[in-house]
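No value in this document is a laboratory result; all are computed from the given coordinates. From a predicted model like this one, the values you see are computed outputs, not experimental measurements. Positions of Cβ are backbone-derived with ideal geometry, glycine not excepted, and every protein chain shown enters the neighbour counts.
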Amino acid sequence: MADVITCPSGLSGRVRGMKVREERVLADRKLAKNGGQIDELLGSCWEETLDPGPYVFGEGGKVDWGKVLQGDRFFALLMVRAMTYGPEYAFGVSCRNDACRARIDWEVELTKLPVRPLSEESRAAFVGGNRFETTLPDAGKRVRFRLLTGEDERKLPALQRSAPDKLLSAVLAYRVLDIDGIDAKAKRQFLEDLTLRDADFLVDEFDRVDCGVDTTIEIECPECFGTQDVDLPFDKGFFLPGRDRTARRKARSTSSPT
Ligand SMILES: [Zn+2]
């Protein structure tokens, strides 16, 4: 696999697979708590920037991962994982059919997940200060919002913990910059009063203009043959697959003649 990758925004660079020393990054509790693990990991494995895409980085072109769009970060992470252990990612989930509940072992190729590039229009809005615009169908008002970057990724968990009963309005308030005719102080109240249709529309708009990797895949249960959509699980086994994976691979290579 080539070591030059191009992220959904056009950010391109040379990356390497993880080394043993990165295990320390992944095991670091303090880094896990403040959300710095991903930045550390990307910082170590990103060796050289070839094209900064829509970003302006400081001296020497060193990537500031806090300023990089979520979709790019995630894509880069997938590629680092693919470069470290190969593109296949094996995981297990339980069948959602209550009458079945069988364990489903599935495997995807990380390099073949559908990628949504940052459109020209979105790139312009991002470069112009990360300001995107849309009109709410019910409220009939113009709304400006922004795409999420690495810095936001760090803040969101705390935000969600602080407002567990108002999750949607907290997230909307975090992403919405301003609303036509609404004072900044009244923003939260306005968003609390949105119709769910408007809220739903807004969340769809966030996704529509964003770039990233589609990690929802359809899998089929080998027992009941039911199909279900699952989000790729990214737990500890994603970066440190360890023995589980080795055992699975061995079992496969000895049991199947192909
Ligand atoms: Zn099943």
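The table below lists the values:
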{"quantity": "Count, lysine Cα pairs under 24 Å in the chain, 8 or more residues apart or across chains", "calculated": "28"}
{"quantity": "Stretchable slack from Arg16 to Lys155, in nm (0.36 nm times residue separation minus alpha-carbon distance)", "calculated": "47.3 nm"}
{"quantity": "Among 33-41, 91-99, the order from most to least packed when residues are scored by Cβ within 10 Å on average", "calculated": "33-41, 91-99"}
{"quantity": "Prolate/oblate/rounded label for segment 41-168 (Cα gyration tensor, a/c 1.5)", "calculated": "oblate"}
{"quantity": "Acute angle (nearest 10 degrees) that the helix 70-85 long axis makes with the longest principal axis of the chain, alpha-carbon atoms", "calculated": "10 degrees"}
{"quantity": "No Cys partner within the rule (Cβ under 4.7 Å), the chain", "calculated": "Cys7, Cys45, Cys211"}
{"quantity": "The chain shape via C-alpha gyration tensor axes, a/c threshold 1.5", "calculated": "oblate"}
{"quantity": "Rounded if a/c under 1.5, otherwise prolate or oblate - segment 119-210, Cα gyration tensor axes", "calculated": "oblate"}
{"quantity": "Efficiency of FRET between Val4 and Asp28 - r from beta-carbon atoms, R0 30 angstrom, step 0.05", "calculated": "0.55"}
{"quantity": "Of the GluC sites (Glu not before Pro) in segment 88-130, those whose Cβ has at most 11 other Cβ within 10 Å and which sit in DSSP loop", "calculated": "none"}
